């Protein structure tokens, strides 16, 4: 029997109600957005708000096939987010392992430096980034935007991963080293399986951060590379806000993230609890 | 796809990119296609200008505009421009908030990303102080670049020309614009025997007579959202109507007694008669509310008429009336005006500058204005055409005059008589000053601060800004 079900029925009821309220607060905007995406503009503005209406697929048709199709933008987002996530994890995992485990000169300084790069507000970096990309001809290019995304996703991933590596008992590693496995083999076969949850969590967060990024995308991107966050902004035009299309676009933009979330959910829950048990780690 | 190939302005791009781009523009071209068929690629009206349109053939320029139907119409005609001049145009749509940022970055770092962009008229003082944009008189007066009899610069609405000029010199050519008017529910007014206000007091008494929150009808609405182009688009007109002056000598002064009176009036009017959420509303929200029949009168851009007459949205079609901005206590009507004009980036090469000028004069010409308004085959007929002759034409009147009672007359009289180029302080430091004022106004609107207190604080901040 779980502790909750042992309590008085009233207490249980209250618990459920509390959970329900919290869930509703979380779910309401999403449900409302979903409903709005199937409404006509007239129904969107109706008062009192209508819950029953004739659903229309026009908004989806418009944001998929219409003049303001966001498909190319979804593609931009997928390319930039995937590339930056892949590169981030490729560099962040070994780097985090090194900071967590190896002894080398300037270790503390390098750990601090990684964090320090996160202390500048992004808006302060826009102008230098713009100039660098302009000089190198990488404005409005996939490689340019991906490189810029690495500047914030790498430090984030390194610091998140450090705390997971620190969780792995030294003894395991020592055992592996005693058995004459080299550093890389130890990392690959012994350590990485232990931090699988952490890797999943970090990957998802890095991907999410890149997917939701707006500031750099709007300034450093352009016609060729225009992530979906920027494209959705175009539904809020100077003439009117096209709420229904905006909602349909938002639902489409959410879909890939939800898929990834579902996929990684098992690992995420595990990863988060691991972090919680050990008391927050170094983050 | 094959029949669209000739329209693709970038035939040399890699295929994948091109495919993406085509996917993005298929819709645009689809709407443009019937138009192009109807008009053919009839370039004769342009070729009657006594200039050589092909003088910099082969150049390519990039242009930034905002996502709006009036620019979409223009972009759909780009193939005609390219056929006329042999100049390739790469157009980029940037949201209005970010286009200022990107243009500033580009101009200040002289990276020449954009040859021209849809420019905020309030930014010209800053552009000109730094020599980031070209004075355009030399292009207007150059016989090889402009045929004055054909282009007729003076036909462009004076209020917008002045807004894009500094010390009498033009730095941008208006393409599209708007003017603020009273929009009212004619049916509600008629039922109570009311007339559109000619004074601020009357505006309040009309609002009072029609304000009925229990039945979801609010007397009056005006933008309350914080921003240099939002609440700081409405308040300046009130301030000038109360006799306020932005300058004392060379200093910007925002906390004069007139300023406090104007802000108090703004706060009181919105508190008494506006929907409760109006402090966070911008023009689209107000137009949405009016189109749902919940607002009796509002003061905003004439161009919002398009939303009010959108049958997919609006419940008030046929019940809309328009009138000029009322007179302030000082007896003057000072309405807010806006235009998107095109400047020339001064960091370009001479050839690129010429190509940019040809683009600008094409876009601002009477013929292109007509082709993007009443001659446009799509649903959106621009109501912000830049020329007096167009406003007075029967074709324009037929295309957009149905927006409501007195629509064209109210907008045109406002544009010709009620504007004042100094309705907002035109100084290089505007971007910072505008935001400071917007924050101050909002803090008064939400009741966080008394008007005097808010304006005193803004004054202190603005003095700092002007010093640095």
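None of the figures in this text is laboratory data; all of them are computed from the coordinates on show. Quantities reported herein were computed from a predicted structural model and do not represent experimental measurements. Cβ coordinates were reconstructed from backbone atoms using ideal geometry, including for glycine residues, and neighbour counts include every protein chain displayed.
P(r) of the range B:74-130 in 10 Å steps, Cα pairs, percent per bin? Computed distribution, short to long bins: 20, 45, 29, 6.
Note on the range B:31-183: semi-axes of the ellipsoid equivalent to its C-alpha gyration tensor, largest first and rounded to whole Å, are 25, 20, 18. Computed over the range A:31-168, the alpha-carbon pair-distance distribution with 5 angstrom bins reads 2, 8, 12, 12, 12, 10, 10, 10, 9, 7, 4, 2, 1, 0, each value a whole percent.
In percent, rounded to a whole number, the relative contact order of chain B is 23, using alpha-carbon pairs under 8 Å and six or more apart. Our analysis of the range B:191-297 gives Rg over Rh at 1.01, with the two radii drawn from alpha carbon positions and Rh computed by the Kirkwood formula.
Relative to the longest principal axis of the Cα atoms of chain B, the long axis of helix B:96-108 lies at roughly 60 degrees. Counting every pair of alpha carbons in the range B:361-407, the share spaced more than 18 Å apart comes to 21 percent.
In terms of overall dimensions, the C-alpha atoms belonging to the range B:309-468 reach 53, 52, 34 Å along their principal axes, ordered largest to smallest.
Relative to the dominant Cα principal axis of chain A, helix A:107-116 is inclined by about 10°. Across the range B:217-370, the mean sequence separation of Cα contacts (distance under 8 Å, 6 or more residues apart), normalised by length, yields a relative contact order of 28 percent.
Look at the alpha carbon pairs under 8 Å that are at least 6 residues apart: their mean separation over the length of the range A:69-169 gives a relative contact order of 53 percent. Taking the Cα atoms of chain B, the ratio Rg/Rh between the radius of gyration and the Kirkwood radius comes to 0.98. Using the alpha-carbon centroid of each, what span in Å lies between the range B:342-385 and the range A:213-254? Value for the Cα centre distance between the two parts: 25 Å. Within the range A:51-71, find all residues whose amide N lies under 14 Å from a label point positioned 7 Å from the Cα of residue B:380 along Cα-to-beta-carbon. Once the point is set 7 Å along Cα→Cβ of residue B:380, A:67-69 turn out to lie under 14 Å by backbone N, inside the range A:51-71. For chain B, adding -39500 (n - 2.57) for each run of n ≥ 4 DSSP H residues and dividing by the number of residues yields -13000 deg cm²/dmol at 222 nm. Computed over Cα pairs, the Kirkwood radius of chain A leads via Stokes-Einstein (0.890 mPa s, 25 °C) to a diffusion coefficient of 111 µm² per second. Share of pairwise Cα-Cα distances greater than 25 Å in the range A:106-249 is 49 percent (whole percent). A quarter of the convex hull surface defined by the alpha-carbon atoms of the range A:157-221 gives 5.4 nm² as the mean projection. As a size descriptor, the averaged projected area of the C-alpha convex hull of the range B:310-368 was calculated at 8.9 nm².
Apply 1/(1 + (r/R0)^6) to the Cβ-Cβ distance of residue B:394 and residue B:467, taking R0 = 51 Å, and write down the FRET efficiency to the nearest 0.05. The formula returns an efficiency of 0.40 here.
When the P(r) is computed for the range A:203-245, the part past 16 Å accounts for 46% of the Cα-Cα pairs.
Panel order for B:75, B:126, by other beta carbons found within 10 Å of each beta carbon, from fewest to most: B:75, B:126. Of all DSSP bridge pairs formed entirely within the protein assembly as shown, close to 65 percent run antiparallel. In chain B, the longest principal axis of the Cα atoms and the axis of helix B:15-39 are about 80 degrees apart. The convex hull defined by the C-alpha atoms of the protein assembly as shown has an orientation-averaged projected area of 39.6 nm².
Going from the residue with the fewest nearby Cβ atoms within 10 Å to the one with the most, B:247, B:290, A:233, A:170 rank A:170, B:247, A:233, B:290.
Evaluated at q = 0.20 Å⁻¹, the base-10 log of the normalised Debye intensity for the range A:8-111, with identical point scatterers placed on the Cα atoms, takes the values -1.05.
Per residue, the convex hull around the alpha carbon atoms of the range A:20-75 comes to 106 Å³. Principal axis analysis of the Cα atoms in the range B:178-231 yields extents of 37, 27, 19 Å, listed in decreasing size. Pairwise inverse Cα distances across the range A:133-173, averaged and inverted, put the Kirkwood hydrodynamic radius at 12.5 Å. Spin-label pair residue B:169-residue A:50: with each label point 7 Å from Cα along the Cα-Cβ axis, the two points sit 5.8 nm from one another.
Dividing the convex hull volume of the alpha-carbon atoms in the range B:118-253 by its residue count gives 177 Å³ per residue. Using only Cα coordinates, the Kirkwood hydrodynamic radius of the range B:38-92 works out to 12.3 Å.
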